[in-house]
1. Looking at this model, which pairs from Lys200/Lys223; Lys415/Lys788; Lys384/Lys415; Lys223/Lys244 are more than 23 angstrom apart at the alpha-carbon?
2. How much of the DSSP bridge set in the chain is antiparallel, in percent, rounded to the nearest 5?
3. Rounded to the nearest whole Å², what accessible area per residue is found for the chain with the 1.4 Å probe?
4. For labels at Arg483 and Glu40 in the simple 7 Å Cα→Cβ model, what's the distance in nm?
5. Only Lys, Arg, Asp and Glu count, each charged at its Cβ (+1, +1, -1, -1), so figure out the dipole size of the chain about its Cα centre, rounded to 20 debye.
6. Could you tell me the calculated FRET efficiency between Arg502 and Asp791, based on Cβ-Cβ distance and R0 = 56 angstrom, to the nearest 0.05?
7. So how tilted is helix 146-157 from the main axis of the chain? Cα-based, degrees 0 to 90, rounded to 10.
8. Specify the inter-centroid distance of the range 350-402 and the range 609-674, based on alpha-carbon positions, in whole Å.
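The values are calculated or read from the model by the stated rules, or taken from the named source; none is laboratory data. This is a predicted model, so every value here is computed, not measured. Please note: Cβ atoms are built from the backbone with ideal geometry, for glycine as well, and neighbour counts cover all protein chains shown. All accessible areas refer to the heavy atoms of the entire protein, side chains included, with ligands and DNA or RNA removed. Shrake-Rupley method; radii C 1.70, N 1.55, O 1.52, S 1.80 Å.
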Amino acid sequence: MQPLFAQVGTDETDSGDPAAVRVALPVPVDELFDYALPSEWTERAQPGCRVRVRFRERHLTGIIVERGRGDDYRGRLHAIESVLDPEPVLSLAMLSILQDAARHVLCPIGIALATALPTGSAPRVVAGFAITARGQDALSRRAVRGELRAVLADLLNKPATASSVRGRIDALDLRNLQRDGLIEPVRVERGPRARIRSVKVASLADGIDVERVATSTLARAPKQAALLKRLSQVGDVPVPELSKEFSASILRSLEQRGLVTLSRRAAPRNVLGDRVPLEPMPELTREQAAVLAPLTKEIRDSSSQTFLLHGVTGSGKTEVYLRAVAEALDKGRQAMILVPEITLTHQIVSRVRARFGERVAVLHSGLGPGERLEQWHQLRDGAKPIAVGARSALFAPLENLGVIVIDEEHDGAYKNEEGFRYHARDLAARRARQASCPLILGSATPSLETRHAAEQGDITRLPLAYRVGDRPLPAVEIVDLAREKAAMPRGHKLVLSRPLKRAMRETLAEGGQTILFLNRRGFSTQILCFDCGHAERCLHCDIALVYHSVEQSLRCHYCDYRIEPPENCTNCGAPDTALMGLGTQRLEEEIHSEFPDIRTARLDRDNARRRGFVSRVLQQLRDREIDVLIGTQMVAKGHDYPGVRLVGVVAADIGLHLPDFRAAERTFQLLTQVAGRAGRDLEPGRAVIQTFVPDHYAVASVAQHDYEGFYAREIEHRKVLGYPPFGKLVHVVVSAEKESEAAESAQRLAESLDPSGLANAGDLELLGPVPAALSRLRGRYRYQLVVKGSDGRALREAAETLHQTTRDLAHGTTASVDVHPINML
């Protein structure tokens, strides 16, 4: 091993010492750091273990990536301070996968490895205070009194955190204690923020003859004898459960007699809810059986083939997933199922539990840190062989994977947009190759890249063209809003068209349920002045503020900037301002105005933050306690509710004209997915889509359920323009507090790509630099440039050049280089 960074710690050790380690640290430097390994840590310090080290003036937690001998290094190394794990938290296989993935996306390895571990699971070092010898002397002489004396007395037992000391005495007294040399600053070890819940358990001591003890030693203590017999009959019992029948003194007496032992045992919190009854496996359709055959073969053969399960909505893709998981479990292996949204985990987990019982763990950011850590440990310890979750569940510690499933593989939520910019689809492919297991990509509307890969033979496409039970796909009606608006009185606000209101009345009369989809939050889009056209905008971001009726405020959906709605136009002073546009709250009001007696619920990111809210609303929908569900994107994906017969899309145009080459693809996918929520039971469903562009191929193709027709049109556009999958992109965003600094830095990055300075310029095309579509965000100006080309090696060299140049930008200027951009805004 060659040294990359030598002097980074505290206590120096000669380079001839027997062992040294190379550590990845969570810092924005793409290097590993070398440390000496003291003899007391030699056995425990293995690759994949976390260690505490001194890095410049900070104490950081890093991960050992390599071990070597001290004489492999030049110079003098500093020693690690401690090893935090009794065994590795990342396997050698996962270390290798993450290193390769980090290099691919130009992410510092330490940041990538930190992303893969449960948040808050490492012990912490915080600032604290300890009593000095002079302080001990002052305490013994009673030279200090009151609360200061109490603080010193507590510090005599052990150091305390700075925050706890500051909470007991004022700043002046604290300074005086330090000035007089009675206390000194130290580092204090604290436990991790995320902790596994445990419970005290009572157990019968070894070698106890309960009957003999009950009739002799405990002859005059019948309650103690009863507790002892209880433990002999049922085994270990949590103390809180015993306390319902027996007092603490009884248990204490038995412990003192050596008849009972007390210990702490992990007691993971229940994050899955009430038990789900097991359900029999349904009979497969002919199509399902046909697509399952090659999947079963690959699982049995331990092959890492990638499959595209391309099935229309309601075609039974989930049942295919479950059969594949069963095959992997039967082979003694493990399984992973990913969904794009946390809200979708509720439904897929219920299906998995109904098939496999409690053998599933769930991983997503909606769990608390301790809950997530408990689920992680159950997977690592082998207690649960199935992991279900959103994007980050890819890091689940499953070392014997038999199958990986990515449902709704087209969804943009699978791309991590900050820090470690991995795409779940790519990282899953790496895990599948390492584990020698198949990867199943499921979707009714595959991404163009995935569909094209199947067309080229790089992956295998498995079609499901029909719904289960030969149920028809929903009839789709396209409503031209321009015509609807022309037929209305001037100045009237169009929210629900006549065809949509008619369809809702008919559905309600038949006892069916309706989902109204609007890809927008808030009560109204913006406040607009009818005199000058001015719209209230965020002071820190280049977007309009959104009105929210609950708190009666205008809010920015990026930085959460808020103001009260102005009575007059802030631009021209005119009083004639009005709420324009439409949001979920405004839509809910309109529905109650039109249908006053119906039961409604609203599901968007504003109210989905409340814990348990999403699962509660979706259960109410399943139990038919809701007539109309109003929602944003989270209601469009993967949900299966038999009572829903009508889906209404209120504004299909939102997103279609965004400055993003994927706008048409995303619109088609979203409309197809949300329309597919209707008619999942025996009753046929229908969808009504309101739009100002009824002839656009992304909208018209939805009416015909024509993915292949849309794909043919869109793939031709991509080919002509050289966009993925025919070309590759690198997207760079530069931000700074001053617009001039952002523009200058973006220009400097563009100039770094001078073809004369590149070994392989290929067919690279540079677009920009220009202001980003969101040119100001959270108080920072944003510029972007895009590099496009079909030569992978040339594009890679350009990306690395840009990444290297970002390190030399002016202080306060930040830049991100994305080698697989999904969001171009």
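1. Lys384/Lys415
2. On the way: 72 of 123 bridges.
Beta bridges within the chain, antiparallel portion: roughly 60 percent.
3. 45 Å²
4. 8.2 nm
5. 2560 debye
6. Once the sixth-power term is evaluated, E becomes 0.50.
7. On a 0 to 90 degree scale, this one is about 80.
8. Here the answer is 26 Å between Cα centres.
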